[in-house]
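Structure first, commentary second.
The values are calculated or read from the model by the stated rules, or taken from the named source; none is laboratory data. The structure presented is a predicted model; accordingly, all values stated were derived computationally and were not measured. Neighbour counts run over all protein chains shown; Cβ positions are idealised from the backbone, glycine included.
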Amino acid sequence: MDPTSPEAQAEVTRRHKAASTTVLGLIVATVLLSIVAFLARPYLTERPNLVIDMAVRIVILILGLGAVVWRRTKFQTMRLQDIAGVAGVTGLLKTLEKTTIQLALLGGAIVAIGFIATLVTGIAAYTYWAGAIAVVVFVYSYPTKSSWLRALYRFTAPDKTGPEPPV
């Protein structure tokens, strides 16, 4: 399929909308969890727990850094070239969409862990800083349509370096 064809452009639009809607929905969920944690403060009893504190910090750090590593691994130039060569436009767009949603889910896991830590310890700050880290992951993973189109044109463009025609 030609990347400039109407079918390819429609698929870009459809997949981009699905990925961006997922990221935006998780951002809204993050804000709502922070509001719930704020409103629940009078009903929570603070029970500081050093073990939970360190475990939550380590897990969130690993998930946050893991999101960066995951994105860099999945969006490597050689990998995207191979996917475009084997699966074409559709395969490349599926990869972009799937990776974006996976990154957004990592951000969602970060905020969920922070909220659970708030419920267990009664300290609302877990939700706040986990939400802040999750928003950074969401912004990092947010798909811009222009970047998807650039990748599409770059990796699915016809190869112009083929053999020379006979003279």
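Observations on the structure shown:
- Residue-level analysis places Arg57 outside the set of residues that are touching a residue at least 24 places away in the same chain (Cβ under 8 Å), in a helix (DSSP H, G or I) and either among the acidic types (Asp, Glu) or more than 26 Å from Thr22 (Cβ to Cβ) (or both).
- Selection within the range 14-25 - among the hydrophobic types (A, V, I, L, M, F, W, C) and either farther than 14 Å from Thr99 by Cα or surrounded by fewer than 20 Cβ atoms within 10 Å (Cβ to Cβ) (or both): Ala18, Leu24
- Residue match in the range 41-52 (condition: part of a helix (DSSP H, G or I), in contact (Cβ under 8 Å) with a residue 12 or more places away in the chain and among the acidic types (Asp, Glu)): no
- Whichever residue in the range 80-108 is among the charged types (D, E, K, R) and in contact (Cβ under 8 Å) with a residue 12 or more places away in the chain and, among such residues, is farthest from Met1 (Cα to Cα): Glu97
- Screening Val68, Val51 for residues that are farther than 18 Å from Ser146 by Cα and over 25 Å from the mean Cα position of the chain (by Cα) leaves exactly one candidate, Val51.
- Scanning the range 25-46 for residues that are modelled with pLDDT of 95 or more and over 17 Å from Trp129 (Cα atoms) yields a single hit, Gly25.
- Test for Thr21: is it touching a Lys or Arg at 6+ places or on another chain (Cβ under 9 Å) and closer than 30 Å to Arg154 by Cα: no
Yes/no matrix, rows are residues, columns are (1) surrounded by 15 or more Cβ atoms within 10 Å (Cβ to Cβ); (2) closer than 20 Å to Tyr140 by Cβ:
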site	(1), (2)
Val12	yes, no
Tyr43	no, no
Arg47	no, no
Ala55	no, no
Leu61	no, yes
Thr99	yes, yes
Leu103	yes, yes
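- Count - residues of the range 112-147 that are under 14 Å from Leu24 (Cα atoms) and buried (at least 18 other Cβ atoms within 10 Å of the Cβ): 7
- Out of Thr127, Thr99, Thr73, Thr118, sole residue that is assigned to a helix (DSSP H, G or I) and closer than 17 Å to Arg15 by Cα: Thr99
- Pairs are defined by a Cβ separation below 8 Å, a sequence spacing of at least 6 or placement on different chains, a first member in the range 118-145 that is touching a residue at least 24 places away in the same chain (Cβ under 8 Å), and a second member that is among the small types (Gly, Ala, Ser) and in a loop (DSSP other than H, G, I, E, B); the pairs so defined are Thr118/Ala124.
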